[in-house]
Amino acid sequence: MIEVQNLTKNYGPVAAIKNVSFEVGKGEILGFLGPNGAGKTTTMRILTGYFPATSGSAKVAGYDVFNQINEVRKRIGYLPENVPLYTDMSVKGYLNLAAQMKGLSGSAKKKAVDRVIEEVGLIQMRSRLIKKLSKGYRQRVGLAQSLVNNPEVLILDEPTVGLDPKQITDIRSLIKHLAGDRTVILSTHILPEVSMTCDKVTIINRGQIVVSDTLENLTKRSTDFSEISVLVRDHGKDVGSVLRGLPGVKEVKSVETGKDNGTRKFDVSLPQDEDLRGAVAKAITGADIELLEMASRQVTLEEIFIRHITKEEDHSPEPEANETATANSTEEEEASE
Amino acid sequence: MNAFFAMFKRELAHYFTSPIAYVVLIIFSILSGWFYVQGFLLPYSLYCQQYDMMQMQANPMMAQQMPAPNFTELIVPSLFSTFSIILIFLVPLLTMRLISEEKREGTIELLYTYPVSDLQVILAKYAAALVIFLFTVLLCAIYLYVPELLKEGGGVVEWRPILSALLGYFLLGAASISLGLIFSAVTENQIVSAALTFALLLFLWVVGWAPQSGTVEGVMKTLAESVSLTDRSEDLFKGLIHLSDLVFFLCVIVGALFITMRSLESHRWRG
């Protein structure tokens, strides 16, 4: 549905994105993840035809974003990051305008507006002025606006930024519900958002794709049982030597819990090829020690993210200060648009 | 066309909800009404009375020095010159937010990604501003009908030269608004947009004084004569329709809309 190949966009001498390539299939939700100023908005703006790329090609819904941009525009719904709305208009008035701007008229327009008002849950608010709405409802109006032409592709730029926790949950489930068989690209720098709503993740940093895979693969790849942590109440027993005495245990580290309530925590390294978690548990209880918690260290998306991004930075030949300056100026460029 | 009308309707509604339209129209009514009644209508009726008295005293010498009172000739051209100065102050109010507000609020980002052309958006905004301006043209037409009501039997007002004057006034306003549109497209700050529009319109008014003062010669003189917007409409106010004046105003409008369009497009390559 969306094919992006070697997309590059320069703001003067600064490259906002470099050789970005990815693909999103029909009905998939892609999480576009990256720190602020990484090039998420730039990529999305190219896909929506806001501005063209310096080089590379992109296809949305089978149409080229450079040569057939009007065909693309008819088939996408876009919600920019700051949710720009005509706040002096009523919800219904604004959605009517959006529908007409997208080429709908007459009864088709009326139907479409009624449909999106219901879909995003704005029935109570339909005749309110947008400026009187809370941020959460404005976000819904923004979503409704993007949906009014029943687009095949939805492009949402940080759709939950600036909302309170309840609104965030609401908007996320709304997006999931709205997705249906639409293709969705959703940018964010909030990691749980991706694990909750997306099928695929593309991590972008400093304008380059760092990793692009399904969420499942990404987390599986970096999870194993070789690192576990145990929490015990020891009653003066030497838990360390019990653990070290187990065959196969490579290393035992005592971890400072910071709480003086008779509990102690250990990080235990086990061999990669063998699941020894059961043996560890048996050994501890066998030695008459209370086992309170045992957990394999699941690698979270946060860690994958940090790992990929810091790996990038280690390999970077340029001095750090310069890099930050570049990143900042890219951000400013984006802001000034 | 659908998108054009949708945008046009929104802009027009915004003029009244904001409420720039009321501000502009009330200011125009008060100022133009004052100038018209106090500066033109009352002096004219005074003049008519004096003229009649002179005629009755049958003093042929004096009567010859006083031209016969003719409303169209004596009042209309200078009345419209006055109105066009009020326009210099009011047009920036009409045009300042048209595009700059979209830029500041970011709503222009959505316009850029909707399946509509920049031209449609610009024309819709221009048309909305023109409609508000047309209310002032209508008011002028009403003013000029008043003497017809005041005098028994009518026949004071000659409609053809007055239509020409109204056309001149309309073209002057339409050109001014198109120039204002350029400045609302180049900045996201409404005050800057209004200030630049005001400065340009003021300049295009005062530049017309230069040739009369005799301080400029040759090419500069021709240039000063030809670019002054207000001077261009003087002949139309008198009831003289030159093709060159019509073409001039048309060129200003088309040129200004073209520049506005290019300016909107520039975000695509400026980065």
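The values are calculated or read from the model by the stated rules, or taken from the named source; none is laboratory data. Treat the numbers as computed from the prediction; the structure is a model and nothing was measured. Every residue, glycine among them, receives a Cβ derived from its backbone with ideal geometry; neighbour counts consider all protein chains shown. Please note that ligands, DNA and RNA were not included when accessible areas were found on the heavy atoms of the full protein model with its side chains. Shrake-Rupley method; radii C 1.70, N 1.55, O 1.52, S 1.80 Å.
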- Task: Tell me which residues, restricted to segment A:74-91, are open to solvent by 20 Å² or more (accessible area, probe 1.4 Å) and under 21 Å from A:LYS9 (Cβ atoms).
- Result: A:GLU81, A:ASN82
- When both residues are 6+ apart or on different chains and their Cβ atoms are under 6 Å apart, which pairs have a first residue that lies in segment A:198-216 and is of a type in the set (Ser, Thr, Tyr), and a second that is outside any strand (DSSP E or B)? none
- Item | Of all residues in segment B:247-263 being open to solvent by 40 Å² or more (accessible area, probe 1.4 Å) and among the β-branched types (Val, Ile, Thr), the one that is farthest from B:PHE83 (Cα to Cα) | B:ILE259
- Hey, among the residues in segment B:50-67 that are modelled with pLDDT under 75 and within 38 Å of the chain's Cα centre (by Cα), which one's most open to solvent (accessible area, probe 1.4 Å)? B:GLN64
- Task: Grab the helices (runs of 4 or more DSSP H) fully contained in segment B:206-258, keeping just those with 2 or more residues being of a type in the set (Ser, Thr, Tyr).
- Result: B:218-227, B:229-238
- Query: Would a scan of segment B:84-94 turn up a residue that is more than 14 Å from chain A (Cβ to nearest Cβ), among the β-branched types (Val, Ile, Thr) and out of contact with any Leu (no Cβ under 9 Å at 6 or more places or on another chain)?
  - Reply: yes
- Item | Wholly enclosed helices (runs of 4 or more DSSP H) of segment A:148-257 bearing at least 3 residues more than 30 Å from A:LEU122 (Cα to Cα) and either modelled with pLDDT of 85 or more or out of contact with any helix residue (DSSP H, G or I) (no Cβ under 9 Å at 6 or more places or on another chain) (or both) | A:215-221, A:239-244
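For every residue, the table says whether it meets (1) more than 12 Å from the chain's Cα centre (by Cα); (2) of a type outside the set (S, T, N, Q).
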site	(1), (2)
B:TYR114	yes, yes
B:ASP118	yes, yes
B:THR136	no, no
B:ARG160	yes, yes
B:ALA165	no, yes
B:TYR169	no, yes
B:ALA174	no, yes
- For segment B:1-98, list the helices (runs of 4 or more DSSP H) that sit wholly inside it and hold at least 3 residues that are farther than 30 Å from B:VAL186 by Cα; which are they? B:20-34, B:42-57, B:60-65, B:71-74, B:76-95
- Could you tell me which of the residues B:TYR36, B:TYR44, B:TYR15 is touching a helix residue (DSSP H, G or I) at 6+ places or on another chain (Cβ under 7 Å), over 18 Å from B:LEU138 (Cβ atoms) and open to solvent by less than 70 Å² (accessible area, probe 1.4 Å)? B:TYR44
- Query: Tell me, which residue of segment A:1-33 that is of a type in the set (D, E, K, R) and within 19 Å of A:LEU218 (Cβ to Cβ) is least open to solvent (accessible area, probe 1.4 Å)?
  - Reply: A:GLU28
- Message: I'd like to verify a number: residues in segment A:1-23 that are part of a strand (DSSP E or B), more than 15 Å from B:TRP269 (Cβ to Cβ) and of a type outside the set (Val, Ile, Thr), how many?
- Response: 10
- Could you check how many residues of segment B:184-205 are under 17 Å from B:PHE170 (Cα atoms) and not in a helix (DSSP H, G or I)? 0
- Message: Quick test for you: out of A:ILE309, A:ILE284, A:ILE304, pick the one residue that is modelled with pLDDT of 80 or more, assigned to a helix (DSSP H, G or I) and either touching a Cys at 6+ places or on another chain (Cβ under 7 Å) or open to solvent by less than 70 Å² (accessible area, probe 1.4 Å) (or both).
- Response: A:ILE284
- Task: Could you please let me know if B:LEU110 is facing chain A (nearest Cβ under 8 Å), aliphatic (A, V, I, L, M) and crowded, with 18+ Cβ neighbours inside 10 Å?
- Result: yes
- Hey, can you tell me all the residues within segment B:95-107 that are open to solvent by less than 40 Å² (accessible area, probe 1.4 Å) and within 9 Å of chain A (Cβ to nearest Cβ)? B:GLU102, B:GLY106, B:THR107
- Just wondering, is there one or more residues in segment A:67-85 that are within 11 Å of chain B (Cβ to nearest Cβ), part of a loop (DSSP other than H, G, I, E, B), under 30 Å from B:ALA13 (Cα atoms) and touching a strand residue (DSSP E or B) at 6+ places or on another chain (Cβ under 7 Å)? yes
- From the options B:SER244, B:SER266, B:SER213, B:SER226, residue that is hydroxyl-bearing (Ser, Thr, Tyr), open to solvent by 50 Å² or more (accessible area, probe 1.4 Å) and within 27 Å of B:ILE122 (Cβ to Cβ): B:SER244
- Message: Looking for something at pLDDT below 90 and either under 28 Å from B:SER32 (Cα atoms) or facing another protein chain (nearest Cβ under 10 Å) (or both) - is there at least one such residue anywhere in segment B:137-144?
- Response: yes
